[in-house]
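Taken together, the values in this text are just the output of simple stated rules run on the coordinates, not laboratory data. What you are looking at is a predicted structure, and each value in this text was computed from that prediction instead of being measured. For neighbour counting, all protein chains shown are included, and Cβ atoms are generated from backbone atoms with ideal geometry for every residue, glycine included.
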Amino acid sequence: LISDLLDVQKIESGKIPFNFKDLRLDAFLKGYRKELEKFEKDNNAIIAILCPDNLPVIKADEDKIKQVLMNLVGNALKFSQPNPRVVIKVGNERDYIQVDVKDNGIGIAKKDLPKLFQKFYQIDSQSNRKTGGTGLGLAICKHIIETHGGEIGVRSDVGKGSTFSFTL
Ligand code: ADP
């Protein structure tokens, strides 16, 4: 909670430092695979990564992109109990790279979708009552992606899982 609050504070004051460097997302995801194995074990989950090789180099802050992925994957696992199936899919479009994080969880009602990226917004659900959370994660993700010049959004239906997508 404290680390989320500090992040938001820094974001609002415009003082959050970004360290843009050359990044190959396919190589980055290969490195990230090992960390995901622990999440899989702890959550009885399967996490698949579908990513083409030889993606173009982009300018990005690797730590911040990792923070976004951790948040989206963390949410996907939290809201897809007891058997989370998560797919991280990377698509190489003409002008941008798109990353989808898809889960098989409880889904989100249409009326809630536009509000999810607001600070402190949480839907009242059993998963939230059990694990708490801060409602800040997606607001932080939105800021990080928009600072990279990308967009973040979500498609979902109640009971049919959710797909969070961002572009870089
Ligand atoms: P937190 O997870 O700490 O509550 P977030 O900003 O990351 O905060 O998410 C805000 C809310 O959006 C969550 O509380 C939950 O209600 C909803 N949400 C986020 N990701 C998912 C998901 N994959 N499936 C269902 N609901 C989700």
Item checked: Under DSSP loop assignment and at most 15 Cβ neighbours within 10 Å, longest GluC sites (Glu not before Pro)-free interval of the chain -> 1-92
Check: What's log10 of I(q)/I(0) for the stretch 65-168 at q = 0.14, 0.17 Å⁻¹, Debye sum over Cα points only, no solvent?
Finding: -0.50, -0.75
Next item on the list: Please say if the stretch 51-123 is rounded, prolate or oblate, where rounded means a/c under 1.5 for a ≥ b ≥ c the square roots of the C-alpha gyration tensor eigenvalues, and otherwise the choice is prolate for a/b larger than b/c and oblate otherwise?
Entry: prolate
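Provide the gained length on full extension for the span Lys119 to Asp157, in nm with one decimal, where the gain is 0.36 nm per separating residue minus the Cα-Cα distance. Walk me through the intermediate numbers first.
Working: separation 38, 0.36 × 38 = 13.68 nm, distance 2.18 nm.
Residue separation times 0.36 nm, minus the Cα-Cα distance, leaves 11.5 nm.
Run the numbers on the stretch 58-146 and let me know its relative contact order in percent, using alpha-carbon pairs under 8 Å that are six or more apart. Kindly include the intermediate steps, with their values, before the conclusion.
Details: 85 pairs, mean separation 24.5, N = 89.
It rounds to 28 percent for the stretch 58-146.
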Notebook entry, point to check: Residues of the stretch 94-133 with amide nitrogen under 15 Å from the 7 Å Cα-to-Cβ point of Arg85?
Noted result: 102-107
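Below 15 angstrom from the Cβ of Asn104, what's the summed charge of the other residues (Lys, Arg +1; Asp, Glu -1)?
Working: positive: Lys78, Arg85, Lys89, Lys102, Arg155, Lys160; negative: Glu40, Asp100, Asp103, Asp157.
Neighbourhood net charge equals +2.
Report the trypsin sites (Lys or Arg not before Pro) located in the stretch 1-66 that are in a DSSP loop and have at most 10 other Cβ atoms inside 10 Å of their Cβ, or state none.
Lys15
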